[in-house]
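The values are calculated or read from the model by the stated rules, or taken from the named source; none is laboratory data. Not measured: the values here are computed from a predicted model. Cβ sites come from the backbone with ideal geometry, for glycine too, and all protein chains shown count toward neighbours. Heads up: the accessible areas ignore ligands, DNA and RNA and are worked out on the full protein's heavy atoms, side chains in. Shrake-Rupley method; radii C 1.70, N 1.55, O 1.52, S 1.80 Å.
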Amino acid sequence: MTQPKRILLVEDNPREVELTLATLKANNFAMEVDVARDGVEALDYLYRRGAFANRANSRSVVVFLDLKMPRVDGLEVLRQIKTDPKLKRVPVVVVTSSRETQDLITSYELGANAYVVKPIGYTECVDILKLLSSFWIGVNELPPVPE
């Protein structure tokens, strides 16, 4: 039996988390969503340590990563993912409110698979989440996990 596809949502804004979860559920994407509220939680999740030490050994099919977060920012999380041989193949979609050119450039230099600026309006945000989810969950094929 195939395991459900998993998304790791790394987002510190509770309203954004709620909106993302509601959109994914309303559009019947067959997946599970794990939420990390900052960069430290994201790294703990990915490395199965701290509060996530006992989580199942399943990999996320995509990480939706905010950049502007407390404790450890998204660029550092991205840097660690893309320099780790066991994680670097996991697609990372930066989903941020940052329109700073340097954040965009740095994200791609570090290996981001996509960079999406969060729209302001609810409807536009829902539309973007639908597009992202349908591609990364429904269409995209992932390479095997390195040994």
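For this structure, a couple of remarks:
- Shape annotation for the range 10-85: C-alpha extents along the principal axes are 34, 28, 22 Å, from largest to smallest.
- Backbone HN-Hα couplings from phi across the range 82-93 [Karplus 6.51/-1.76/1.60, Hz, Gly and Pro as x]: 7, 9, 9, x, 7, 10, 4, 7, 6, x, 10, 9
- Hits among lysines - C-alpha to C-alpha of Lys5 under 17 Å, sequence gap 8 or more where chains match: Lys25, Lys130
- Heavy-atom accessible surface of the range 23-67, averaged per residue, reaches 47 Å², computed with a 1.4 Å probe.
- Equivalent-ellipsoid semi-axes of the range 54-113, from the Cα gyration tensor, Å, largest first: 21, 13, 10
- Inter-label distance, Ala51 to Thr123: 3.6 nm, where each label sits 7 Å from its Cα along the C-beta direction.
- Sulfur and carbon atoms: percent of accessible area, the range 39-78 [1.4 Å]: 49 percent
- Integer Hz, Karplus 6.51/-1.76/1.60 couplings in order for the range 45-57, x for Gly and Pro: 4, 4, 9, 6, 9, x, 4, 9, 4, 9, 5, 4, 8
- Sites matching GluC sites (Glu not before Pro) across the range 1-109 that sit in DSSP coil, with at most 10 neighbouring C-beta atoms within 10 Å: none
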